[in-house]
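Since every read-out is calculated from the coordinates, none of them should be taken as a lab result. These numbers were taken from a predicted model, which means no experiment stands behind them. All Cβ positions, glycine included, derive from the backbone under ideal geometry; neighbour counts span all protein chains shown.
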Amino acid sequence: MQMTERGRAMWRTCLASAFRTALACTIVGSATLYGPEWILRHVALPAFSYVTVILIITDATLGDTLRGCWLALYATCQSVGPAILTLRLIGPARLSAATTALAAALAAFVVVLPNSSTHLVAKRIALGQIVLIYVIAYIKGAETEPLMHPLQVAASTALGVIACVLALLIPLPRFATCEVKQSIKEIGQNVTTRVKLYLKAFCAEDATSATASVSQARELARSSSKLYQTIKRYQPSMEWERLPFNLWRWQNVNDNKKGEKLQSMEIALRGMEMVLASKSPIPASLLAGEVKDGLKNLQERVILSIRRVNNSPQPSVTPETDPEKLDECLQTLQEIPGTPEDLPFYFFLFCLKLLETISMAKPEENKVKEPANFKSRSWISDWDSKKVMPALKLSLSLGLAIFLGSMYSKPNGYWAGLPVAISFAAAREATFKVANVKAQGTVIGTVYGVMGCFVFQRFLPIRFLSLLPWFIFSSLLSKSRMYGQAGGISAAIGAVLILGRKDFGQPSEFAIDRIIETFIGLSCSILVELIFQPTRAANVAKVELSRSFHALYECASVFGAKASKAEIMESQKKLRSHLNELKKFTEEAHAEPSFWFSPFNVSCYEKLYKSLSKMADLLQFSGHAIGFLAEQGKAKSPQCKEILSNVDKDLKTLTESIGLLVKSFEEITLLKSLDALEKALTKNDNISWDIELGKTPNPSFSGPATEPEKILETYLQHCRGVADGIFRVEEGGEEVKVDKSEVVLSLSALGFCVERMGKETREIEEMVKEVVQSENPSSHVNLHEISCKIRSLYK
C-alpha cells in the first residue's frame with residue numbers, strides 16, 4: 001500500500017511539473033511563431049527562451065519562479081552590459097574563432113569567480129548568454145549590431161522568464177508554502193505511525209511480528225527522509241512568497257520551527273530502531289503486563305504531544321494525562337540494570353522519554369541574532385584556490401569548446417559551448433557519469449524531437465502537444481538514480497529545441513550537428529577536468545575517511561560525565577559534517593570508472609559510513625543523557641560531583657580506549673600503501689619497532705573483547721552507587737528529591753551507548769582491515785603491526 005501511495009505522489013508531481021513546463025514552452029512557442037512582428041524582431045533567439053524555461057521552471061514553485069526573475073535580471077546585467085562594451089571595442093567583423101573563444105572564456109571567468117555569492121541558476125543563464133552573444137557575433141560578422149544583438153539575447157531571456165511566471169500562475173499558483181505545510185503534515189503522521197510500530201515490535205511476543213513492524217517502520221523512515229528533503233528544497237522559496245503582513249511572516253517562521261522540531265525527533269526514533277534492529281531479546285521479567293499497559297499510555301502521551309507540534313486535530317476524548325498514572329510503567333526503574341542484557345530495555349524507554357521531551361520543548365523565543373559580520377574584505381581575498389579553480393576550469397572548458405565547435409561547424413559552433421555553460425556545477429561531481437548522462441539525455445531528446453518533426457511535420461500545434469508526454473518522461477528521468485537532474489534537463493532541452501522551432505533546415509541534419517557539437521563540448525569539459533583535477537574521487541574519499549576518524553577521535557576525547565552537553569553536541573556536529581562529505585565522495589567514487597586503477601571498494605566504504613553514523617548517533621544520545629544528568633544534579637554540588645566522579649572515570653577509560661583505536665584507524669587509512677611504509681622504514685635504519693613493545697597505545701586489534709565488558713560491569717556497579725547516593729542528598733539540612741527514573745534512564749542509556757560503541761568499533765576494525773587488504777592485495781594485513789610501524793616511524 002505504501003508503494004502505491006508513493007507512486008501516485010510521484011506521478012502527481014511529474015504530471016504537474018510536466019504540465020507547467022509544457023505550458024511555459026507553449027507560451028514561448030506561440031509568441032515566437034505566431035506573435036506580432038515586434039516580438040519576432042526582438043526575440044531573435046527563441047532557442048535560448050526555451051533553455052531559460054527549462055532552467056527555471058523544472059519542479060519549481062511560484063517562489064522559485066520569482067527568484068528566477070531576479071536571477072535572470074542579475075545574470076543579464078553580468079553578461080550583456082560587459083558584452084556590449086567588448087563588441088564595440090573589438091568590432092564583430094574582427095572576431096575569429098580564437099578571439100571569440102578567448103573573449104567568452106574571460107567573460108565566463110568573471111561570472112563564475114564569485115563562487116559563493118551568486119546562485120547557480122544565475123551563473124548558468126549568464127554563461128549561456130555569453131556563449132550566444134560572442135559566438136553568434138562571430139558567425140554573423142560585420143552584420144552584427146554591437147548594441148542590439150546583446151539586447152536581443154536579453155529579450156529572449158526575458159520571454160522565457162515571463163512564460164515561467166505565467167505558467168506558475170495558471171490555472172492556480174503552486175506555492176512553496178503549501179508544499180512545506182503538506183510535507184510537515186505528512187511527517188507528523190509518519191512519526192506517530194513509526195512510534196506505534198516501534199512500540200508494537202518492542203512488546204511483540206514473537207520475533208516474526210516484531211520484524212514485520214520494524215520493516216514497515218524502515219520504509220516509513222525512507223519516506224520521511226524524502227519529505228525532509230522536500231522541506232529543505234522549498235524553504236528558500238518561501239522567502240520569495242512572503243506577503244508584507246506580519247501574520248503571514250509569522251506563519252512561515254512557525255512552519256520552519258515545526259519542521260526543525262520534527263526533524264530533531266528523528267534521533268530518538270533512530271535509537272528505538274537501533275534497539276529493535278539488534279534483535280537483542282528483552283527479558284520477560286521487564287515486560288510484565290502492567291509495564292506493557294504503562295507503555296501504551298506513555299505512547300499515547302507521546303503521540304498527543306507530536307500532534308500538538310503538528311497542530312493536528314485532537315481526538316474528542318483525550319487520553320489520560322495524569323503523570324503519576326502514566327509513569328507507573330517506570331516504577332521498575334528504581335534500580336540500575338544488573339546485567340548488560342537489560343540495557344536495551346532501558347535505552348528504549350530513554351528514547352521514548354527523549355522523544356516526548358523534544359516534542360514538548362518550547363521553541364526559543366526572542367533569540368538574540370548574531371550581528372552581521374562587516375569585516376573589511378580586500379579584492380585580493382577573493383582570489384583563493386576554492387574560488388579561482390572552478391572559474392578557471394569553466395572558462396577553459398568553455399573557451400576550448402567554442403573554439404573546436406566553431407572550427408568544426410561555424411554556423412553551429414554555439415551548440416558546443418551551450419552544454420558546458422548551462423550545466424555548470426560549482427561543486428565537485430562525478431565527471432564521467434555526469435558527462436555520460438548529459439550525452440545520453442541530449443541524444444534521446446534530440447531523437448524524439450526528430451521523430452516528432454517527421455510524424456507531425458505539417459501540424460505545428462500537434463508538435464507542441466507531443467512535448468507534454470516527453471516532459472513527463474524527462475521529469476521521471478530527473479528523479480531517477482540513473483540519469484538524475486542533469487540527464488533529465490538535457491533530454492527536455494534536446495526535444496524542445498527541435499519541436500519548438502521552424503525554418504532551421506532538415507531536422508535530421510540539425511540533430512546530427514547538435515549531437516556532435518554537444519559531444520565536443522562535453523569532451524572539452526572532461527579533458528579540462530582531468531588536467532586540473534587529477535585526484536581520483538577514490539583518493540578523496542580515502543582522505544575524507546581518515547578525517548572522519550579524526551573527528552570521531554575528537555568526539556571520544558570530550559566524552560564523559562563531566563563533559564558538557566554543548567561540547568559533545570559541537571564535536572558531534574563536526575563529525576556529521578565529515579560523514580556527509582564521506583558519503584558524497586563515496587558516491588562519486590562509485591560512479592567513477594576504474595580504468596587502470598584498483599577497483600574502489602564501495603561496499604566497504606558504505607558499511608564504514610553506516611557504522612560511523614551509528615557512532616555519531618550514540619554520541620548524540622550520550623550528550624542528551626549527560627544533559628539530563630546535569631539538570632538533575634544542578635542543586636547537588638559538591639556531593640553530587642563526588643558521586644559522579646567514579647562514573648566519569650569509567651566512561652573516560654572506555655572512550656579513551658575507543659578513541660586511541662580510532663586514532664590508529666586514522667593513521668592507517670592515510671597510508672598510501674604498505675610498500676611505501678616498508679620503504680620509509682628501510683630508509684630510516686635507526687628506527688626499530690617491535691610488536692611486543694606495544695608501540696601502539698591500544699594493542700587490542702582483533703583481540704579478545706573481554707576488557708570493554710569488564711569496564712562496563714564496573715561502570716554498572718558505580719552507577720548503582722550513584723543510584724543509592726544521588727536520589728536524596730541533604731543540602732542545608734533539607735532533602736532535595738531527584739527524579740529517580742530520569743537518573744536511572746540516563747545512566748543506563750550511557751551504559752548502552754558505551755557498550756554499542758565498543759561493538760561498532762570492533763566492526764569498524766574489521767572493515768578497515770578489509771579496505772587496507774583491498775588496497776594491498778599481495779600483502780598480509782595485520783593492523784596492530786601496521787600501527788606499531790607507523791608510530792615507530794613518526795615517534
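Couple of notes before you dig in:
- In this structure, the pairs whose alpha-carbon distance is over 27 Å, taken from Lys226/Lys258; Lys140/Lys433; Lys296/Lys583, are Lys140/Lys433; Lys296/Lys583.
- As a rough guide to protection, the peptides 573-584, 344-355 ranked by mean Cβ packing within 10 Å, highest first, stand as 344-355, 573-584.
- Taken about its Cα centre, the range 1-105 carries a charge dipole of roughly 60 debye when the Cβ of each Lys and Arg holds +1 and the Cβ of each Asp and Glu holds -1.
- Loop-located trypsin sites (Lys or Arg not before Pro) in the range 7-97, at most 16 other Cβ atoms within 10 Å (DSSP): none
- HN-Hα J in Hz across the range 747-760 - Karplus 6.51, -1.76, 1.60, θ = phi - 60°, x for Gly and Pro: 5, 5, 5, 4, x, 4, 4, 5, 4, 5, 5, x, 5, 5
- Evaluated with a Cβ-only charge set (Lys, Arg +1; Asp, Glu -1), the range 56-151 carries a dipole of roughly 180 debye about its Cα centre, given to the nearest 20.
- GluC sites (Glu not before Pro) within the range 108-210: DSSP coil, no more than 15 neighbouring Cβ in 10 Å: Glu205
- Computed packing ranks the peptides 124-130, 523-529, 167-173 as 124-130, 523-529, 167-173, most packed first, by mean other Cβ atoms within 10 Å.
- Each residue of the range 204-211 was assigned a 3J(HN,Hα) from its phi angle through the Karplus curve 6.51 cos²θ - 1.76 cosθ + 1.60 (θ = phi - 60°); the sequence is 5, 8, 10, 5, 5, 5, 5, 5 Hz, with glycine and proline shown as x.
- Chymotrypsin sites (Phe, Trp or Tyr not before Pro) restricted to DSSP loop in the range 175-249 with at most 12 other C-beta within 10 Å: Phe245
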